[in-house]
Amino acid sequence: TQLLEQSPQFLSIQEGENLTVYCNSSSVFSSLQWYRQEPGEGPVLLVTVVTGGEVKKLKRLTFQFGDARKDSSLHITAAQPGDTGLYLCAVNTNAGKSTFGDGTTLTVKP
Amino acid sequence: EPEVTQTPSHQVTQMGQEVILRCVPISNHLYFYWYRQILGQKVEFLVSFYNNEISEKSEIFDDQFSVERPDGSNFTLKIRSTKLEDSAMYFCASSPTFGTGVLAFFGQGTRLTVV
């Protein structure tokens, strides 16, 4: 059983469309991170959410942490080709390591 | 902006050879990590390191692997006898503190190809 389940696995949309990707778990977390990774590069941290129900905005990206702190979503408004990449959610354990989901591969076509 | 740097960016080695992957963590960070990502698969934790000791390691981190902080700036991952299945991107990360919610900063990775 995966600690973090991300969906969808793949998403291909046209420029200008909106989209939402999800990160779900049966476990409760004190915080959750979203990363974006481009091919051949390391994950780049986008945001960390801490409080149940928290909503954070980063330009056209809106991140939400579920009320029960078991799940999170990432919504992108008016997607652009530059948004193309692998979106990963991750959580830290008490040992400090990060456990990642499988990711959602997003392709935004011009 | 401070960043984690890794060298080389790409390493090709023959099966059975030893490789050393190098990392320079962010200078005031105290906790260091190695992760790997096999092509098309998820990022997997290998090991965490603090105060010149391994803090935690995964089941992937077997006797073939070792880590070292040989001086005040470098953090290395050694694979003693590489196997084909060791081919992957290896990411180094560092963090200033330790614990749940602490964020690690990742390097750009070293692509290891074992032939």
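The values are calculated or read from the model by the stated rules, or taken from the named source; none is laboratory data. All values derive from a computational prediction rather than experimental measurement. Neighbour counts run over all protein chains shown; Cβ positions are idealised from the backbone, glycine included. The area values use the complete protein model at the heavy-atom level, side chains included, leaving out ligands, DNA and RNA. Shrake-Rupley method; radii C 1.70, N 1.55, O 1.52, S 1.80 Å.
Couple of notes before you dig in:
- In region A:5-109, inverting the average of 1/r over every pair of distinct C-alpha atoms gives 13.7 Å as the Kirkwood radius.
- Kirkwood hydrodynamic radius over Cα pairs of region B:1-81, then Stokes diffusion coefficient at 37 °C and 0.692 mPa s, in µm²/s: 242 µm²/s
- Protein heavy-atom accessible area occluded, B/A pair - total, 1.4 Å probe, Å²: 1800 Å²
- Longest exposed-site-free window of chain A, the sites being trypsin sites (Lys or Arg not before Pro) in a DSSP loop that have at most 15 other C-beta atoms within 10 Å: A:1-58
- The mean number of partner chain beta-carbon atoms within 10 angstrom of a residue's beta-carbon across peptide A:97-108 is 4.
- Accessible surface area normalised per residue over chain B is 50 Å², counting heavy atoms of protein chains with a 1.4 Å rolling probe.
- Percent breakdown of C-alpha pair distances by 5 Å bin, ordered from the shortest bin, for the protein assembly as shown: 1, 7, 15, 18, 18, 16, 12, 7, 4, 1, 0
- Accessible-area composition of the protein assembly as shown, carbon plus sulfur, in percent [1.4 Å probe]: 48 percent
- The trypsin sites (Lys or Arg not before Pro) found in region B:1-104 that occupy coil by DSSP, while having at most 14 further C-beta atoms within 10 Å, are B:Arg80, B:Lys83.
- Accessible surface for B:Met15 stands near 120 Å², nearest 10, in the context of the full protein assembly shown (1.4 Å probe).
- Measuring with a 1.4 angstrom probe and ignoring ligands and nucleic acids, A:Ser26 comes out at about 100 Å² accessible.
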